[in-house]
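*Asks:* Pasting a structure below so you can have a look.
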Amino acid sequence: MMDLKELYQEIILDHGKNPRNLRKTENYNKDAKGHNPLCGDKVHVYLKLDEDKKVHDISFEGQGCAISMASASIMTDLVKGKEEHEVKEIVKDFLEMIKEKDQLNNKILEDNEKTKLMCLSGVKKYPMRVKCATLSWHTLTSAIDNTQQEINSENID
Amino acid sequence: MNIENIKKQFPIFNNKVQNNDLVYLDSANSSQKPQVVVDRIYDFYTKEFSNVGRSVHYLAVAATNLYEETRCLMQKYINAKDPNEIVFTKGATEAINLVANTFGQKFLKEGDEIILTELEHHSNYVPWHYLRRSKGVQIKFAEINSEGEISLQSIEKLISPKTKMIAITHLSNVTGAILPIKEITQLAHSKNIPILIDGCQGAPHLKLDMQEIGCDFYAISCHKMYGPTGLGILYAKKKWLETLPPYQGGGGMISEVKKDGITFGDLPNKYEAGTMATAQVIAFAESIKFLNQIGIENIEKHESELTKYGEEVLRKNNSVKLVGSPKNKGSVLSFTLDGIHAHDIATILDEDGVAIRAGHHCCQILHDKLGLSATARASLGVYNTKEDIDKLNESINKCKKIFNK
Ligand SMILES: Cc1ncc(COP(=O)(O)O)c(C=O)c1O
């Protein structure tokens with residue numbers, strides 16, 4: 001029950017129920033799709049970067065469990081306004097934290113933002129659910145890199 | 001039928017799973033194994049092992065006899081006319097691929113039509129899709145009604161002079177709908193169309209009589225019948241097995257091999273190329289005996305009472321929506337919970353030792369039709385009890401609490 005409480009913290013439930021930025025950015029200039037074929041979860045991330053490569057707007061469309069919706073919601077909230085290289089650093093840091101590290105090490109996010117993001121770390125005790133938390137992040141990377149390839153959660157670790 | 005006694009025959013229930021008593025509600029996915037089956041695999045490997053059909057030494061002859069004994073037991077279990085109508089495969093998936101591949105090769109050409117239903121498991125769609133690509137055949141899907149059933153009419157509507165095969169499930173692994181397969185077979189045969197039944201969910205739960213149903217092909221998954229993994233069965237009428245070309249080539253399935261040509265062996269070897277899942281086949285005999293001992297009629301009765309009880313309990317729980325409400329329903333209870341995704345349900349239930357499945361259950365066509373990306377599914381087996389259903393319901397209530405519903 002402790003683990004469950006950690007997994008389904010208030011903030012996760014809130015973002016899961018009322019995801020922020022769940023829409024489609026107008027005039028987006030980068031986007032990518034992600035898909036988890038095992039459970040059918042789908043996400044589509046839209047980015048609008050301005051001339052100096054700052055995230056002017058980010059949004060997502062999709063459907064999935066509380067964890068995946070909350071993760072995408074928090075992600076979009078936190079990377080808005082950041083520069084492209086900063087976004088990449090945050091993504092890398094988040095994925096490393098979910099995989100193995102105890103904390104976030106980037107110097108970009110404020111402490112309160114890191115605390116918010118750490119709420120997703122409860123998923124570490126549920127190996128089958130890690131992909132729910134990481135799908136939108138991998139998809140964001142794919143959008144930034146303009147790979148034009150759909151992220152398939154079965155093909156990433 | 002004393003269920004406590006039956007449960008005791010399954011060693012998995014003697015152990016805690018993450019400190020919980022196991023409430024196993026995932027038998028449509030795969031069933032647990034009785035001790036006799038586990039023991040049989042151990043005994044065979046420790047005392048009796050040999051490859052079958054190849055050598056003349058004592059163990060090889062004994063193993064071959066045991067292997068063939070399972071074939072005969074299965075023949076009787078489903079009342080096939082001839083033991084050679086039973087082909088061992090690696091699973092129901094391979095059984096269906098075998099038919100699609102060989103039937104397609106021999107009989108299908110561009111523009112021919114195959115009828116499936118919206119209830120089909122990917123195993124009974126993807127193999128036919130290959131023919132769409134390689135041969136240019138068309139696939140038509142018979143539509144479900146609002147109860148999640150497939151009627152005779154929904155199939156009849158789609159039949160045309162170009163229809164060359166009807167391939168349908170016996171029992172939906174999502175809505176639980178039991179299809180009128182005998183009537184559909186008669187309909188198919190009245191138009192000279194062969195019919196394949198995906199019997200994965202039928203065989204573990206319903207009395208089967210191939211001669212009465214009359215179907216041409218019936219695919220079975222042994223791991224859902226209290227048997228080992230890596231094993232399935234294709235029942236096929238002898239005339240088909242004699243007419244269709246071989247599927248895989250290799251040792252054991254040939255008659256004569258020369259540099260300039262090969263002749264193939266007779267049934268049943270023709271379709272069993274290479275070393276088969278010998279231990280699994282031999283242990284599967286114990287699964288059939290186990291089922292026979294309880295009696296399939298008793299199993300049907302027990303599971304149908306339990307399903308009714310489950311439907312009642314879940315209907316009373318006001319946030320639960322059952323997926324489909326077929327009149328003739330097998331022991332599958334798929335559901336959604338308002339505002340809670342199936343994966344979250346499964347994780348929370350798992351914490352209480354309640355094992356269910358969440359997702360599309362390999363039925364994306366159906367989930368798209370229903371407008372659902374995922375459902376939660378509790379499916380029953382011979383070892384389940386009313387207490388299991390009550391625990392399921394309690395855990396569902398816990399989900400609601402966590403999500404403030
Ligand atoms: C209806 C149905 N068809 C086919 C299959 C595939 O069977 P197998 O695992 O034996 O290949 C399953 C099992 O998942 C099933 O439920």
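The values are calculated or read from the model by the stated rules, or taken from the named source; none is laboratory data. Given the structure is predicted, the values throughout are model-derived calculations rather than measurements. Every residue, glycine among them, receives a Cβ derived from its backbone with ideal geometry; neighbour counts consider all protein chains shown. Heads up: the accessible areas ignore ligands, DNA and RNA and are worked out on the full protein's heavy atoms, side chains in. Shrake-Rupley method; radii C 1.70, N 1.55, O 1.52, S 1.80 Å.
*Asks:* Select, from B:Ser325, B:Ser319, the only residue that is in contact with a Lys or Arg (Cβ under 8 Å, 6 or more places away or on another chain), of a type outside the set (Asp, Glu) and over 22 Å from B:Ser31 (Cα atoms).
*Replies:* Within the list B:Ser325, B:Ser319, the selection yields B:Ser319.
*Asks:* Please indicate, with yes or no, whether at least one residue in the stretch B:220-229 is at pLDDT below 95 and out of contact with any strand residue (DSSP E or B) (no Cβ under 9 Å at 6 or more places or on another chain).
*Replies:* Looking for residues that are at pLDDT below 95 and out of contact with any strand residue (DSSP E or B) (no Cβ under 9 Å at 6 or more places or on another chain), one finds none in the stretch B:220-229, hence no.
*Asks:* Residues of the stretch B:92-118 being within 16 Å of the ligand (Cβ to nearest atom) and small (Gly, Ala, Ser), which ones?
*Replies:* Result: B:Ala92, B:Ala95, B:Ala100.
*Asks:* Still on this structure, please answer the following. Taking into account only those residues within the stretch A:118-157 that are without any contact (Cβ under 8 Å) to a residue 40 or more places away in the chain and within 14 Å of another protein chain (Cβ to nearest Cβ), which is most open to solvent (accessible area, probe 1.4 Å)?
*Replies:* Among those that are without any contact (Cβ under 8 Å) to a residue 40 or more places away in the chain and within 14 Å of another protein chain (Cβ to nearest Cβ), it is A:Met128.
*Asks:* Further, regarding this structure: Step by step: first the residues of the stretch B:69-84, then only those that are open to solvent by less than 10 Å² (accessible area, probe 1.4 Å) and more than 15 Å from the ligand (Cβ to nearest atom), then the one that is farthest from B:Met210 (Cα to Cα). Which residue is that?
*Replies:* Among those residues, the one meeting the criterion is B:Thr70.
*Asks:* Within the stretch A:59-79, how many residues are touching a residue at least 40 places away in the same chain (Cβ under 8 Å) and outside any helix (DSSP H, G or I)?
*Replies:* The qualifying residues number 4.
*Asks:* Go through the stretch A:55-76 and give me each residue that's at pLDDT 95 or above and out of contact with any helix residue (DSSP H, G or I) (no Cβ under 6 Å at 6 or more places or on another chain).
*Replies:* Those that are at pLDDT 95 or above and out of contact with any helix residue (DSSP H, G or I) (no Cβ under 6 Å at 6 or more places or on another chain): A:His56, A:Asp57, A:Ser59, A:Glu61, A:Thr76.
Per-residue answers, yes or no, for (1) over 25 Å from A:Met128 (Cα atoms); (2) within 14 Å of another protein chain (Cβ to nearest Cβ):
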| site | (1), (2) |
| --- | --- |
| A:Asn18 | no, yes |
| A:Lys33 | no, no |
| A:Ser68 | no, yes |
| A:Ile74 | no, no |
| A:Val87 | yes, no |
| A:Leu95 | no, no |
| A:Glu100 | no, no |
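*Asks:* Could you tell me whether A:Leu109 is away from chain B (no Cβ under 13 Å), in contact with a Leu (Cβ under 9 Å, 6 or more places away or on another chain), assigned to a loop (DSSP other than H, G, I, E, B) and surrounded by 15 or more Cβ atoms within 10 Å (Cβ to Cβ)?
*Replies:* Criteria met by A:Leu109.
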